[in-house]
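These notes are about the structure you will find just below.
No value in this document is a laboratory result; all are computed from the given coordinates. The structure presented is a predicted model; accordingly, all values stated were derived computationally and were not measured. Neighbour counts run over all protein chains shown; Cβ positions are idealised from the backbone, glycine included.
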């Protein structure tokens, strides 16, 4: 793998770009590995990378049923933030944001992380109090957070709809270090960096079954043959229940729902921040990509589904929300829209934990928040697999928390997965 | 758009309805163990394929329905009233 640096750019510039090597190998599966991670999305790749980097475990395989970047890694709105308040969550997401800040250097790959600020609008004194509480908790933990009054907001984002009499904009809660990244680059960057450290990335390798021995999973049946793993990690959010039942483990506190996202045609620079609008049943978040496209999304489709395609009522809802807050978008045309399948959990928080099978580890339940979590998810999942005990930050992110009554319910929405937006 | 054939109102767009959830949950007795209650409240089969699920005709007759629907293709096989006695009434009126 050729390193990206000024010298290689100049050298290849003079040689017709002919000395670049491929980004990662396409190896044949070995018969056994120390650790097999199932799922070649951002979380699986990040886990493999940190296993090799932080724990020096390099005999690792990542199994991906499709191709790298083809699943939820490419089906998100690329927002990175750490505005969480529950114990465990805020430390975890703040660490993730810190990893994002150095990720391009860490991976020697430009993930185009842009800290352009995440702006949550509020529309009533009650909403202001509620979000001020969350942002104050963030400040107490050393995370940046601030409130913008209407005057500041109007100066920063002049073309919001400030004349909405039903939901007048009163100001915004802002995290300036938050922003966006390029999702493909994150997947490719982690894949390339993990591969360089010796990890085998096996694409078109779908898991079809497990062979159990003495209570453990001894080997994995895949579309590319049988692969043994001393330890196995699931990182297949969206399809976790399917794999879980394949391993005969029963039920999970997860429902699979689909979430749509939209990309418009490119326009000239219009929006410097990530703007979030959520009021009166509407939920809308928008940013502008480096190419000029408006990238935005809304709520789930509101019914359980494994289909990676969105339904039209939500397209209408999102368009209505866009017009309510950004009337200048009225004539813009959509280029494409897609849906990703999410693990929606019973309290809206994730799982990085051990399982009833002693050599199986679970990374799942990312709800709306999987993209921004990828670096820390990989970091702490690798830590769990290597050390066989969870780090303090994720000690309650397990399957037992429901029976024990330690739900980590950021929204307070109760045990209905579709409500944890 | 999914079209749901409400036994009371006829076939309507799914945007008239709100999704409830798994219709096969059996709640345990009040003195059952915490483990059983945890299982009933928090744990789901999350079937990929045909499942029985509840829908509320919230912008229509406001009745709860049990729908047999595929979570992959969204094809619907059957729609029935949630309450078994109401099912009898619907059948008698046919």
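Which of A:318, A:80, A:9 has the fewest other C-beta atoms within 10 Å, and how do the rest follow up to the most?
In order of increasing Cβ crowding within 10 Å: A:9, A:318, A:80.
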Give the separation of the Cα centroids, the range B:46-82 to the range A:128-177, in Å.
40
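Evaluate the Kirkwood expression for the hydrodynamic radius of the range B:42-94, namely the inverse of the mean inverse distance over all pairs of different C-alpha atoms, and round to one decimal in Å. Intermediate values should be presented prior to the final figure.
Working: mean 1/r = 0.0813 Å⁻¹.
Final number for the Kirkwood radius of the range B:42-94 is 12.3 Å.
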After finding the eigenvalues of the alpha carbon gyration tensor for the range A:314-421, what semi-axes result from the square roots of 5 times each, listed largest first in whole Å?
35, 17, 11
For the range A:70-120, restrict the atom set to alpha-carbon positions and state the Rg and Dmax in Å.
12.4, 33
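Need one value for B:33-45: mean number of C-beta atoms belonging to other chains within 10 Å of its residues' C-beta atoms. Intermediate values should be presented prior to the final figure.
Numbers: counts 1, 4, 1, 0, 2, 9, 5, 0, 6, 14, 10, 11, 6.
Average per residue, whole number: 5.
Out of all Cα-Cα pairs in the range A:41-147, roughly what percent, to the nearest whole number, are more than 17 Å apart? Provide the component values of the computation, followed by the final result.
Details: 3745 of 5671 pairs.
That fraction is 66 percent.
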Helix A:183-196: inclination vs chain A longest Cα principal axis, degrees, rounded to 10, gives 30
Report, to the nearest 10°, how far helix A:42-55 tilts away from the longest principal axis of the Cα atoms in chain A, using its own Cα long axis and a range of 0 to 90°.
60
Sorted by Cβ density within 10 Å, fewest first, the residues A:410, A:320, B:11
B:11, A:320, A:410
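Please compute the average number of Cβ atoms from other chains found within 10 Å of each residue's Cβ in peptide A:401-411. Could the numbers behind the result be given before it?
Values: counts 1, 7, 9, 2, 2, 0, 1, 0, 0, 0, 0.
So the per-residue partner count for this stretch is 2.
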What's the exposure ranking of A:131, A:10, going from fewest to most Cβ atoms within 10 Å?
A:10, A:131
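I'd like the FRET efficiency for residue A:128 and residue A:11, computed as 1/(1 + (r/R0)^6) with the beta carbon distance as r and R0 of 51 Å, rounded to 0.05.
Values: r = 56 Å, r/R0 = 1.09.
That pair, residue A:128 with residue A:11, gives E of 0.35.
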Taking r as the C-beta separation of residue B:40 and residue B:62 and R0 as 22 Å, the FRET efficiency to the nearest 0.05 is 0.30
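Given an 8 Å cut-off on Cα distances and at least 6 residues of separation, report the relative contact order of the range A:95-177 as a percent. The partial results should precede the final answer.
Numbers: 86 pairs, mean separation 34.2, N = 83.
Computed over the range A:95-177, the figure is 41 percent.
Give the calculated FRET efficiency between residue A:139 and residue A:411 to the nearest 0.05, with a Förster radius of 25 Å applied to their Cβ-Cβ distance.
Numbers: r = 20 Å, r/R0 = 0.81.
That gives a FRET efficiency of 0.75.
How large is Rg over Rh for the protein assembly as shown, taking Rg from the Cα atoms and Rh as the Kirkwood inverse mean of 1/r across Cα pairs? Write out the running numbers ahead of the final one.
Values: Rg = 23.8 Å, Rh = 24.3 Å.
Expressed as Rg/Rh, it is 0.98.
In peptide B:14-21, what is the residue-averaged number of other protein chain Cβ atoms found within 10 Å of each Cβ? Write out the running numbers ahead of the final one.
Working: counts 5, 7, 1, 2, 3, 10, 3, 7.
Taking the mean over all residues of the peptide, I get 5.
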Bin by bin, in steps of 10 Å, what percent of the Cα pairs in chain B do you find, going until the bin that has the longest distance?
15, 42, 30, 12, 1
